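The values are calculated or read from the model by the stated rules, or taken from the named source; none is laboratory data. Treat the numbers as computed from the prediction; the structure is a model and nothing was measured. Cβ sites come from the backbone with ideal geometry, for glycine too, and all protein chains shown count toward neighbours. When the accessible area is computed, the model is the full protein with side chains, heavy atoms only, and any ligands, DNA or RNA have been set aside. Shrake-Rupley method; radii C 1.70, N 1.55, O 1.52, S 1.80 Å.
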Amino acid sequence: MIYNVIQRLNKHLEFPHAAAHCDIPCKIYDPISAQIATLSLIRFLDLINELDANTPLTLASQAKLCRLVSEKDAHAAKVKDEINVIWGDYFKQPQFSQFPDIHNLVHRIMLAGSACKQSIDRASGLALLELVNEFAAAFWATKGIETYTAVCPYPPAEKLIYPQLINDEQ
């Protein structure tokens with residue numbers, strides 16, 4: 001019943017919508033979500049560009065193109081959101097002292113993410129991945145964890161920065 005009252009009030013007053021990371025803070029941060037979203041974005045760019053070879057596009061191909069562009073844009077937004085959460089919630093003065101250029105790096109990631117939404121150029125996706133990997137390396141360094149670079153085992157088979165995690169039980 002109270003939900004219905006609030007819903008009716010909202011129709012007339014138009015309460016502002018708020019969305020946020022949990023902000024507890026949980027201290028569980030990992031740039032892998034941004035890295036995977038970037039890889040997905042590059043894969044969508046590859047699929048979009050493969051469609052371009054099939055001109056003229058059939059109706060089914062046009063529908064696929066719409067879905068691919070929508071997902072590409074959603075993943076670019078996810079990259080920006082994931083990086084923003086880590087930068088805004090995890091990075092504090094000790095990390096800023098360790099990486100004084102991190103603000104500039106995050107800004108460049110935001111711009112590169114927007115560039116990916118504005119184009120279908122694979123180079124823009126690769127540029128974003130390079131910046132996100134740089135951010136991941138900095139993130140893990142703030143935790144004192146070494147990283148390594150490896151090619152991911154799935155399309156688009158690009159290089160990622162991974163943390164060198166050691167199992168103490170072995």
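A few points about this structure:
- Restricting the stretch 78-87 to residues that are in contact with a helix residue (DSSP H, G or I) (Cβ under 7 Å, 6 or more places away or on another chain) and of a type in the set (A, V, I, L, M), the residue that is nearest to Leu105 (Cα to Cα): Ile83
- Taken together, the residues in the stretch 89-123 that are in contact (Cβ under 8 Å) with a residue 24 or more places away in the chain and not charged (D, E, K, R) amount to 15.
- Whichever residue in the stretch 130-170 is assigned to a loop (DSSP other than H, G, I, E, B), closer than 18 Å to Arg43 by Cβ and not aromatic (Phe, Trp, Tyr) and, among such residues, is most open to solvent (accessible area, probe 1.4 Å): Pro153
- Check on Lys92, closer than 17 Å to Asp30 by Cα and touching a Gly at 6+ places or on another chain (Cβ under 8 Å): no
- Conditions (1) over 12 Å from Thr38 (Cβ atoms); (2) modelled with pLDDT of 95 or more; (3) open to solvent by 40 Å² or more (accessible area, probe 1.4 Å); number of the one not met by Leu105: (3)
- Residue in the stretch 1-26 that is modelled with the highest pLDDT, counting only those that are part of a loop (DSSP other than H, G, I, E, B) and more than 24 Å from Lys92 (Cβ to Cβ): Glu14
- Hey, Ala77 under 17 Å from Ile42 (Cα atoms), open to solvent by less than 60 Å² (accessible area, probe 1.4 Å) and either touching a strand residue (DSSP E or B) at 6+ places or on another chain (Cβ under 6 Å) or modelled with pLDDT of 95 or more (or both) or not: yes
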